[in-house]
Amino acid sequence: MLGFSPDTALAKGIGVSTQRIEQEFSTIYWRLTSPLRSIASGLDCKKVEGSEDVPDKRGLQKPRELRTQMTYEKIVHANDTFWFGPFVLRASKRRLEKAGVPVHLGDRALDILVVLVNHAGQTVSKNDLLEQVWPDVTVDEGSLRFHMVALRKALDDQGDNGFVRTLRGEGYCFVAPVSRPRVPSLKMVEDSVFGEASKLPARSMRLVGRDEVIREISGRLATDRFVSIIGPGGIGKTAVAVSVGHRMLSEFDDAVCFVNLAPLNDRLLVPGVVASALGLQVQSDDPFPCLTNFVKDKRILLIFDNCEHVIETVAALAERLFQQAPQVHVLATSREALRVEGEHVVRLPPLDSPPDDCSLTAAQARDFPAVQLFVERIAASGQHYEMSDIDAPIVGRICRKLDGIALAIELVAGRACVYGIGETAALLAREPWFLWKGRRTALLRQQSLGSTLDWSYNLLPKLERVVLHRLSVFMREFTLRAAQSAAADNDIDGRQVVVAVANLVAKSLVAADTSGETTRYRLLDTTRAYLLAGLAENDDGGSPHSRAFLRSEASKRVDAA
């Protein structure tokens, strides 16, 4: 398991203003980030013409914009050596060593390695690799795969447990911790490594029905400092977090840092990836104090996206930042709360759908965000569509069946262009529509709703999987007593069911309505259909006969409840 020793601590290195700097020794272009507001000796700096010093909120003078000009020679002599595992990469000398012994590696494979190591902890798309390694030549992905095989062989890479991870449909990520020597001639002051809006993903499209919650989260972040956006997969947590980040750029003087944790499968890598995003070099066995000390006097917004699979480490880091860095504000997205001091949870609601009303008109239906998104996605697919009064109740039924989940609505709307509204509604009732694909460029786990639910389901311990499967017998709402009757058996007692239901609610797989005297629970229709369709492995150890009997008995109890 990878640790965080001085020889292996992950660091992103020096940030400079975004520009492409051509290496003298190869055709790679490096994209380096973050303008430096203060540069010590050894680097040539100048202000952009027309810029002027303006006072900041503390009354200090600071440049409005500073452009750093560097030659490649100065960069590589300052900080071109990388350590990871038993390897040393000396970029300026075009040499890879293992335990002091040179490792033979072809030029293109070495170029790929330099790009990946320079972006350690980040996903580098195949197109970006092709552009940087072959800037003046048109090659196909076969060449990239060929040289990637050579690189893995030289590193003795063991796939996902090694240095380079392949992310299907996305690209490659160098996941091992990387360290660089410190550069005494370069001094970063205040928040100089922050401030580029490009650290935030671009807003992909207009967010339908989320203006109010974006305003709420922005306000709570300003006052409470620590907010977690919670909700089931595909509901739009990342999109809302990105929109909040863009909304608050001016509030934080552009010091907003977005950290995507989705590619990680080892919680020990979290501090290093956060350090990399901040441009911080960690030279310690325990990176937490280094991170805290680095940001404790800086006013910044850190966005931790996709926390659920590394939640214990993120929770510990976020709590520490909240306690010891009073100017740091934290926004997290996850399918369950971090459950630490200072956290304020905002559960992202589904998009409102029309009620079940056969007399619903098109004008009435268009007032609901779920319908607005459905119609917009049809239009985005290139088909002119005017919702009629006849279609309106059907569209409303489709949106309700999809639980107002944005990703599900987008995916199904794409198929409505092919099948029509009526046939699409019919297919939802009889086909495994979870497997319908959406955008090719989306993350793999977001290309279909089945993949999104797989992600959540696979994070569950066995007991919660079994209970979730057994709760799928309920077609409507159910009580906790009914859940115990349906899910308990000789191996799982009633108390374990109670705990499992609470955990499933916390993980956004079971909804709870506490408005009445008795709390009522229900599975989202999408989750229940996913389970009944057999897309998830059933960990229930009972025989098919006993499970059928259980379903029959549970159904009777549901009616009684």
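Elements of the type helices (runs of 4 or more DSSP H) sitting completely within the range 258-363 and holding at least 3 residues that are among the small types (Gly, Ala, Ser), surrounded by 15 or more Cβ atoms within 10 Å (Cβ to Cβ) and in contact (Cβ under 8 Å) with a residue 12 or more places away in the chain: these cover 270-278, 311-324.
Of the numbered criteria (1) open to solvent by 60 Å² or more (accessible area, probe 1.4 Å); (2) part of a helix (DSSP H, G or I); (3) modelled with pLDDT of 85 or more, the one Val418 fails is (3). In the range 459-512, which residues are without any contact (Cβ under 8 Å) to a residue 24 or more places away in the chain and aromatic (Phe, Trp, Tyr)? Those that are without any contact (Cβ under 8 Å) to a residue 24 or more places away in the chain and aromatic (Phe, Trp, Tyr): none in the range 459-512.
When the range 148-201 is examined, which residues are found to be outside any loop (DSSP other than H, G, I, E, B), at pLDDT below 75 and either under 20 Å from Leu130 (Cα atoms) or open to solvent by 10 Å² or more (accessible area, probe 1.4 Å) (or both)? If the condition is that a residue be outside any loop (DSSP other than H, G, I, E, B), at pLDDT below 75 and either under 20 Å from Leu130 (Cα atoms) or open to solvent by 10 Å² or more (accessible area, probe 1.4 Å) (or both), then Gly159, Asp160, Asn161, Ala197, Ser198, Lys199 are the ones that fit.
For the range 103-146, the set of residues classified as in a helix (DSSP H, G or I), open to solvent by less than 50 Å² (accessible area, probe 1.4 Å), in contact with a helix residue (DSSP H, G or I) (Cβ under 9 Å, 6 or more places away or on another chain) and more than 20 Å from Phe84 (Cα to Cα) consists of Leu129, Leu130, Gln132, Val133, Ser143, Leu144, listed by residue number. Would the range 495-507 turn up any residue that is crowded, with 19+ Cβ neighbours inside 10 Å, at pLDDT below 95, closer than 27 Å to Arg168 by Cβ and under 32 Å from the mean Cα position of the chain (by Cα)? Yes - at least one qualifying residue is present in the range 495-507. Give me a count of the residues in the range 219-257 that are part of a loop (DSSP other than H, G, I, E, B) and more than 24 Å from Ala406 (Cβ to Cβ). Total satisfying the criteria: 7. Restricting attention to the range 202-237, the residues that are under 20 Å from Asp253 (Cα atoms) and at pLDDT below 85 total 2.
Does any residue of the range 373-382 turn out to be more than 23 Å from Ala511 (Cβ to Cβ), in contact with a helix residue (DSSP H, G or I) (Cβ under 7 Å, 6 or more places away or on another chain) and not aliphatic (A, V, I, L, M)? Yes, the range 373-382 contains at least one residue that is more than 23 Å from Ala511 (Cβ to Cβ), in contact with a helix residue (DSSP H, G or I) (Cβ under 7 Å, 6 or more places away or on another chain) and not aliphatic (A, V, I, L, M). Applying the condition of being β-branched (Val, Ile, Thr) and open to solvent by less than 30 Å² (accessible area, probe 1.4 Å) to the range 224-257 and asking which residue is nearest to Ser125 (Cα to Cα) yields Val242. Looking across the range 421-438 at every residue that is more than 17 Å from Ala392 (Cα to Cα) and small (Gly, Ala, Ser), the one that is modelled with the highest pLDDT is identified as Ala429.
The values are calculated or read from the model by the stated rules, or taken from the named source; none is laboratory data. Because the structure is predicted, anything quoted here is derived from the model rather than measured. No Cβ is skipped: glycine too gets one built from the backbone with ideal geometry, and neighbour counts run over all protein chains shown. In case anyone asks, the SASA skips ligands and DNA or RNA and just uses the protein heavy atoms, side chains included. Shrake-Rupley method; radii C 1.70, N 1.55, O 1.52, S 1.80 Å.
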